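Take a look at the structure below.
The values are calculated or read from the model by the stated rules, or taken from the named source; none is laboratory data. These numbers come from a predicted model, not from an experiment. Every residue, glycine as well, gets a Cβ built from its backbone with ideal geometry; the counts of neighbours run over all protein chains shown. In case anyone asks, the SASA skips ligands and DNA or RNA and just uses the protein heavy atoms, side chains included. Shrake-Rupley method; radii C 1.70, N 1.55, O 1.52, S 1.80 Å.
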Amino acid sequence: MAGSSEGSKGWMTRRDVLQGAALGAAAVAVSPLVGRAQALVAQSNEVRSRESFDFGWKFLKGDAAGAQMPGFMDAGWRDVDLPHDWSIEGPFGQNEPSGGTGGYLPTGVGWYRKKFHVAGADRGRVVTLEFDGVYQNSEVWINGQYLGLRPYGYVPFAYELTPHLKYDAENVVAVKVDNSRQTNCRWYSGSGIYRHTWLLKTNELRVAYWGTFVTTPRVTKDAAVVEVKTRVANGMKTSAMCKLTTTLWDAEGKPVHGADASQTIAAGGEYEFVQQITVEKPSLWSPANPYLYQVRSEVRQESQATGDVYETPIGIRDAVFDAKHGFLLNGERVKLNGACLHQEAGCVGSAVPERMWVRRLELLKEMGCNAIRTSHNPYAAEFLDLCDRTGFLVMNEAFDEWKSPKGQMKNGYHLYFDEWYERDLTDFIHRDRNHPSVVLWSAGNEVPDQNAAEGPETLRKLLRVFHTEDPTRPVTVACDHIASEPTAVRPEFLAQLDVVGYNYVDRWRERAQLYYSIDHDAYPQRPVIGTESGGMGGVRGEYRGLLPAAAADGVAAPARPRGGAGRGIDTEQLWKFVGAYNYVSGDFMWTGIDYLGEAMWPAKASSAGAIDTCGFKKDGFYFYQSQWTAKPMVHLFPHWNWKGREGQFVPVTCYTNCDTVELFINGRSVGVRGYEFPRYGMQERYGNLAPRERTLRTTADLHLSWDVPYEPGTLKAVGTKDGVAVVTVEVATTGDPAAIRLTADRTAMNADRRDVTHLVVEVVDAQGRVVPLAENEVTFKVEGEGRLIGVDNGDPQSHDSYKVNQRKAFHGLCLAVVQATAKVGSVKIAATSPGLEAAAVSLVTKG
C-alpha cells in the first residue's frame, strides 16, 4: 500500500512514516525508503501527498440515528485518536456475547465522525480515504453520501472522496462500525477503527492503487534480475502519452540502475508496464541481513513535469520450499524457527502502537525466533514493515474460515465468503506481495472445508486468486485433519497445495512418534511445514502443584495451570524430529505470546505463549532460546521460595545450550547433568568420536533436571562449553517485599501522540531481588507530556481494567504503558504501593 519515506536500518516506529509525509523532494533523493508493502514518496502537492488522518475524531459507543449526516450534533461524543479499540476498555463480563473466544469483553456498535478541510488548490486532484482496518462491518459516508460497506475487519480498503468533496469548506466523514453479531472471530478481535487511516492526494495520471508488483525472477550472489510491473491509471477525460521512469535505489540512497518506457493510455484507462533491471553483486535479503532496496516509479505526461512518484521497498532474495531439502533461502537451508502470533497486544487490545510491536519482535529475536505466522488473519501493514526491516520470515494468513462455519463462530466469515472472498483476498495479496519477509501464503487455518465435499473446489478458487495475483510464492493451508479420525482431510484437497501445512502433526496414533515420516514416505515430492504445534505454555511464574499439597495449603491441586515446561516433553520430542530432518521446512509453535480470547471463565486469555501479554518471559522462552541460539545460556526454574516445605524434594529444571551444567545448593554440588542434540557419531575411523560426544550425557531430553531437598538459600548453576565454564546463574530465596524497582525501556519518546514507553515494575526485597510471590498493588502517576494508556500484569484470570492507574503485581511483576503527547517536554512516572519504597523515572519527549 502507499506509504511514506523512512529509513531502512534499525527498529523504526510508525512516526518515521508519518513524518515522511511532509518530506520534500530533496529529502527523498538521499533517504532509503522503507514504508508499507508499497510506499510512496510524498513530495509536494504537485505530485502526491499522503497524510495521517488519525487525529481529531469523535466517537460514540452505541448506535445513533442520522449520525451519517453532516449536520448531526456530535458535540457530546468522546474525542479519540486512531487507532482506537473500544472493546479493550471493558469491563470484562462472563455474560458478554463475545464469550471466551473474544476474551469476555464488550462489542456492539460504535460511530466515528471527523470534520476536515480540503484546499481549493487540490481541486482536480484525486482524493482517497484509506482505512488500514476496521473491525467489523464498517459503513462509510462523506458529507452524507454513502461510500460503501466492508464486512471483513482485517483487510485494508479505500474510498475515493473526490466527487463528494467541498473545497475550502468543512467536510464530514462518518463511519459506523457494527461488531454486534457475536461470536465472529478466533480469537480477540477488538472493535472499531483499530488501525491507521490516511488521506491520499494524487494527480489524475498516477500509479494505480497498490500499483507495483516487484519480483526477482533470477537471483544469485553475482547478479539478480528485478522485474517491475507498474500499473498506471489515467483518470483524465483525454488519452495521455505516459512516460514511466523506474529506478532502483540501494539502502544508502544511491541509484543502482533504471529503465524508461512510454505508452499512450486511454482516458479513464490503465496500462501495466513491465520492466527489468539487472543488479550486479546484490545485497541479498535474509534474517541475518535484512537489506532493503527501493523501486522508484516516476510518471509524467509527455514533456510535462512529473505527475506522480511512487516508491516500493523491496528485498532481493530467492525463497524455495523443497520436498527434500526443506526451506532454502538464497540457496542455503534455513530452518523456520517459527511462532504463531495474534494481532493484539494485551492492555491496548488491537490498537497497537508500533513501538509495542518493536519490543515484542525484539523479544522474539532474543529467543531465536526467525519466522512468524500471522494467525489467523491479515495484520496491520506496519507489522510487515517491521518484519522486512528486522529479518523475520512470514507465513501470511488470509482467513480462519471459508464457506463451512466453525463451532466457535456463529457469525464468522462464512456468512460473507461467497460474496467477498475474491475481493478481500486480492486486496490482501496486492498490499503484501512486495514484502520480502513474506515467503509463504496461507489460505486458511483449520477450515472445516478440508473435510467437506466441496472443499477441494473452494480451495481451487482461492488458489486461482493467489497464483494469478502472485505467481511467485507458494500457498499452504494450516490443516488440522490430516490423518484425523473418523474423518480425515480429502486427498484431493492436499494434492492442490504448494506446501502442505500440518497443525499438530503428532495428534493421531503412531504419528505421535513418527510425525512427518509416514507422509514423507508416501508422498516424497510433498514439501511440508509445521504450521502449528504445541508450545511451551503455562502461566508465568505459576508453580502451584509442583509439590504435593501440604496440609496448610487447603487444596490438593493448583488453581491455575502451572508454568514451566507445560507440554514440554511433547514439544521437546517434536523439535528433535524437526531439527534433525531436513525435509521438514520448520515449525510454528503455538504461541509466541499470550493473547486475549480462547479462554474459559475465569480466564480471559490464553496462556499458551512463551511470553506473556506484558512481554515478560516465561520458562518456555528459555527452552526455545536453548535450541535456537548459540550464545551460552542457562535458565533455572522454579523460584526458590518454598517456606514450610523444608526438606521436601523440589524438581529443578534447566534449559541450556551448554554441554553440561553443574547445580549447587548453598555451595554444595547436587550433580552434573548434560544432554546433546543433535548427536554426532564416529568420524574417520572406528571409535573416533567428536569431542562433544564424549561429554557427560545424562538425558535424551532437551532439558536437565535435579530433585533437590528444599532449604532456604541459593541455587547456582554453572554451564560449561568444551570443558570451560561459560555462564553462571543463581536463583535465591528472597525476603519480604520492600521496594518497587521501576525500569523504562527507553529514555526518550517522540512527541507525536503515538510513541510509547514500557514501564516495568519489579517488587523487590531489601537486597534488590524480585520477590516471586509478590502481589502488591501498584499505583501509577504520570505527569508532563505523557499519558497512561494501559496497565497489565500478565495474569490471565485478572478482570481488573486495563485503563486505570492501578495494577496488582503478578508473581512480582506488572507493567504500565505511557504514550507521548504532541508537545516537546518531559514526562515523570511514579510508582507507589503501601509499605514499599516508591520509585520514579523521568523521560523526555522530542520533536
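Return the residues of segment 824-834 that are open to solvent by less than 80 Å² (accessible area, probe 1.4 Å) and more than 15 Å from Phe780 (Cα to Cα); say none if nothing qualifies. Write out each step before concluding.
Within segment 824-834, the subset open to solvent by less than 80 Å² (accessible area, probe 1.4 Å) is 825-827, 829-833.
Residues satisfying the conditions are Gly825, Ser826.
Out of everything in segment 308-354 that is buried (at least 24 other Cβ atoms within 10 Å of the Cβ) and among the small types (Gly, Ala, Ser), what residue ends up being farthest from the chain's Cα centre (by Cα)?
Gly315
Can you name the condition, by its number, that Asp707 falls short on among (1) within 38 Å of the chain's Cα centre (by Cα); (2) modelled with pLDDT of 95 or more?
Among (1) within 38 Å of the chain's Cα centre (by Cα); (2) modelled with pLDDT of 95 or more, the lone unmet condition for Asp707 is (1).
Do you know which residues across segment 469-489 are outside any loop (DSSP other than H, G, I, E, B), closer than 24 Å to Arg431 by Cβ and open to solvent by less than 10 Å² (accessible area, probe 1.4 Å)?
Restricting attention to segment 469-489, the residues satisfying the condition of being outside any loop (DSSP other than H, G, I, E, B) are 469, 475-479.
Imposing the further condition that a residue be closer than 24 Å to Arg431 by Cβ reduces the set to 469, 475-478.
Val475, Thr476, Val477, Ala478, listed by residue number.
Failed condition for Phe577, given (1) farther than 29 Å from Phe327 by Cα; (2) out of contact with any Gly (no Cβ under 9 Å at 6 or more places or on another chain), with all others met?
(1)
Keeping to segment 251-283, report how many residues are open to solvent by less than 30 Å² (accessible area, probe 1.4 Å) and in contact with a strand residue (DSSP E or B) (Cβ under 6 Å, 6 or more places away or on another chain).
Looking only at segment 251-283, we keep the residues that are open to solvent by less than 30 Å² (accessible area, probe 1.4 Å), and these are 251, 253, 259, 261, 265, 269, 273, 275, 277, 279, 282.
Imposing the further condition that a residue be in contact with a strand residue (DSSP E or B) (Cβ under 6 Å, 6 or more places away or on another chain) reduces the set to 259, 261, 265, 269, 273, 275, 277, 279, 282.
Total meeting the criteria: 9.
Could you list, in sequence order, all residues of segment 125-135 that are assigned to a strand (DSSP E or B) and open to solvent by 10 Å² or more (accessible area, probe 1.4 Å)? So that I can check it myself, show each step before the final result.
The initial filter retains those residues of segment 125-135 that are assigned to a strand (DSSP E or B), namely 126-131, 135.
Of everything in segment 125-135, those that are assigned to a strand (DSSP E or B) and open to solvent by 10 Å² or more (accessible area, probe 1.4 Å) turn out to be Val126, Thr128.
Looking at (1) part of a loop (DSSP other than H, G, I, E, B); (2) within 29 Å of Asn582 (Cα to Cα); (3) acidic (Asp, Glu), which one does Asp388 not meet, given that it meets all the others?
It is condition (1) that Asp388 fails.
Out of the residues in segment 676-704 meeting the condition of being over 37 Å from the mean Cα position of the chain (by Cα) and of a type in the set (A, V, I, L, M), tell me which one is modelled with the highest pLDDT.
First, pick out the residues of segment 676-704 that are over 37 Å from the mean Cα position of the chain (by Cα): 681-698.
Applying the additional criterion that residues be of a type in the set (A, V, I, L, M) yields 682, 689-690, 696.
Details: Met682: 85, Leu689: 79, Ala690: 72, Leu696: 81.
The selected residue is Met682.
Go through segment 261-298 and report how many residues are over 30 Å from Arg333 (Cβ atoms) and among the aliphatic types (A, V, I, L, M).
To start, the set of residues in segment 261-298 that are over 30 Å from Arg333 (Cβ atoms) comprises 261-275, 296-298.
Now narrow it down to the ones that are among the aliphatic types (A, V, I, L, M): 261, 265-267, 274.
So the count comes out to 5.
Scanning for something surrounded by fewer than 18 Cβ atoms within 10 Å (Cβ to Cβ) and in contact with a His (Cβ under 7 Å, 6 or more places away or on another chain), does segment 731-744 turn up at least one residue?
No, segment 731-744 contains no residue that is surrounded by fewer than 18 Cβ atoms within 10 Å (Cβ to Cβ) and in contact with a His (Cβ under 7 Å, 6 or more places away or on another chain).
Regarding Pro678, is this residue over 30 Å from Thr757 (Cα atoms), in contact with a Ser or Thr (Cβ under 8 Å, 6 or more places away or on another chain) and surrounded by fewer than 22 Cβ atoms within 10 Å (Cβ to Cβ)? So that I can check it myself, show each step before the final result.
Working: over 30 Å from Thr757 (Cα atoms): yes; in contact with a Ser or Thr (Cβ under 8 Å, 6 or more places away or on another chain): no; surrounded by fewer than 22 Cβ atoms within 10 Å (Cβ to Cβ): yes.
No, not satisfied.
When the residues of segment 773-788 are filtered to those that are open to solvent by less than 20 Å² (accessible area, probe 1.4 Å) and within 29 Å of the chain's Cα centre (by Cα), which remaining residue is nearest to Ala840 (Cα to Cα)?
Taking segment 773-788 as the starting set, the residues that turn out to be open to solvent by less than 20 Å² (accessible area, probe 1.4 Å) are 774, 778, 780, 786.
Add one more test, that the residue is within 29 Å of the chain's Cα centre (by Cα), and what stays is 780, 786.
Working: Phe780: 9, Gly786: 14 Å.
Applying the filter and picking the extreme gives Phe780.
List pairs: first residue in segment 338-353 and without any contact (Cβ under 8 Å) to a residue 24 or more places away in the chain and under 18 Å from Asp755 (Cβ atoms), second residue open to solvent by less than 10 Å² (accessible area, probe 1.4 Å) and not polar (S, T, N, Q) anywhere in the structure, Cβ distance under 9 angstrom, at least six positions apart or on different chains.
Once the first residue is without any contact (Cβ under 8 Å) to a residue 24 or more places away in the chain and under 18 Å from Asp755 (Cβ atoms) and sits in segment 338-353, no partner that is open to solvent by less than 10 Å² (accessible area, probe 1.4 Å) and not polar (S, T, N, Q) comes close enough.
Name every residue in segment 199-223 that is out of contact with any helix residue (DSSP H, G or I) (no Cβ under 9 Å at 6 or more places or on another chain) and farther than 24 Å from Pro436 by Cα, in order of residue number.
Of everything in segment 199-223, those that are out of contact with any helix residue (DSSP H, G or I) (no Cβ under 9 Å at 6 or more places or on another chain) and farther than 24 Å from Pro436 by Cα turn out to be Leu199, Leu200, Thr202, Asn203, Glu204, Leu205, Arg206.
Take the residues of segment 102-124 that are over 25 Å from Tyr154 (Cβ atoms) and touching a Leu at 6+ places or on another chain (Cβ under 9 Å): which is surrounded by the fewest Cβ atoms within 10 Å (Cβ to Cβ)? Talk me through it step by step, then tell me what you get.
The first filter runs over segment 102-124 and keeps only residues over 25 Å from Tyr154 (Cβ atoms), leaving 115-124.
From the residues that got through so far, the ones that are touching a Leu at 6+ places or on another chain (Cβ under 9 Å) too are 116, 118, 122-123.
On the way: Phe116: 15, Val118: 20, Asp122: 17, Arg123: 12.
Filtering segment 102-124 for residues that are over 25 Å from Tyr154 (Cβ atoms) and touching a Leu at 6+ places or on another chain (Cβ under 9 Å), the one surrounded by the fewest Cβ atoms within 10 Å (Cβ to Cβ) comes out as Arg123.
Regarding Tyr595, is this residue open to solvent by 30 Å² or more (accessible area, probe 1.4 Å), at pLDDT 95 or above and either farther than 20 Å from His703 by Cβ or of a type in the set (S, T, N, Q) (or both)?
Details: open to solvent by 30 Å² or more (accessible area, probe 1.4 Å): no; at pLDDT 95 or above: yes; either farther than 20 Å from His703 by Cβ or of a type in the set (S, T, N, Q) (or both): yes.
When the stated conditions are applied, Tyr595 does not pass them.
Between a first residue in segment 618-646 that is of a type in the set (S, T, N, Q) and a second residue that is part of a helix (DSSP H, G or I), which pairs have beta carbons less than 7 Å apart while being 6 or more apart in sequence or on different chains?
Qualifying pairs under 7 Å: Gln625/Met367; Gln627/Trp575.
If I go through segment 388-407 residue by residue, how many of them are out of contact with any His (no Cβ under 9 Å at 6 or more places or on another chain), at pLDDT 95 or above and open to solvent by 10 Å² or more (accessible area, probe 1.4 Å)?
2
Rundown of residues vs (1) in a strand (DSSP E or B); (2) in contact with an Asp or Glu (Cβ under 8 Å, 6 or more places away or on another chain); (3) open to solvent by less than 10 Å² (accessible area, probe 1.4 Å); (4) of a type outside the set (Phe, Trp, Tyr), yes/no style:
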site	(1), (2), (3), (4)
Asp570	no, yes, no, yes
Gly579	no, no, no, yes
Gly586	yes, no, yes, yes
Trp601	no, no, no, no
Gly620	no, no, yes, yes
Glu646	no, yes, no, yes
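Return a yes/no flag: does segment 794-806 have any residue that is crowded, with 18+ Cβ neighbours inside 10 Å and outside any loop (DSSP other than H, G, I, E, B).
no
Filter the strands (runs of 3 or more DSSP E) completely within segment 697-772 down to those with at least 3 residues that are hydrophobic (A, V, I, L, M, F, W, C), touching a residue at least 12 places away in the same chain (Cβ under 8 Å) and more than 30 Å from Gln806 (Cβ to Cβ).
Output list reads 704-709, 714-721, 724-732.
Quick one: would you say Leu459 is touching a residue at least 12 places away in the same chain (Cβ under 8 Å), farther than 14 Å from Asn377 by Cα, open to solvent by less than 20 Å² (accessible area, probe 1.4 Å) and part of a helix (DSSP H, G or I)? Can you show your working first?
Working: touching a residue at least 12 places away in the same chain (Cβ under 8 Å): yes; farther than 14 Å from Asn377 by Cα: yes; open to solvent by less than 20 Å² (accessible area, probe 1.4 Å): yes; part of a helix (DSSP H, G or I): yes.
Taking the combined requirement at face value, the residue satisfies it.
Would you list the strands (runs of 3 or more DSSP E) that sit entirely within segment 136-227 and hold 2 or more residues that are open to solvent by less than 10 Å² (accessible area, probe 1.4 Å), farther than 28 Å from Glu344 by Cβ and among the aliphatic types (A, V, I, L, M)? Quick ask: steps written out before the conclusion?
Values: elements: 138-142, 145-150, 157-160, 170-179, 197-202, 205-219.
Ranges flagged: 205-219.
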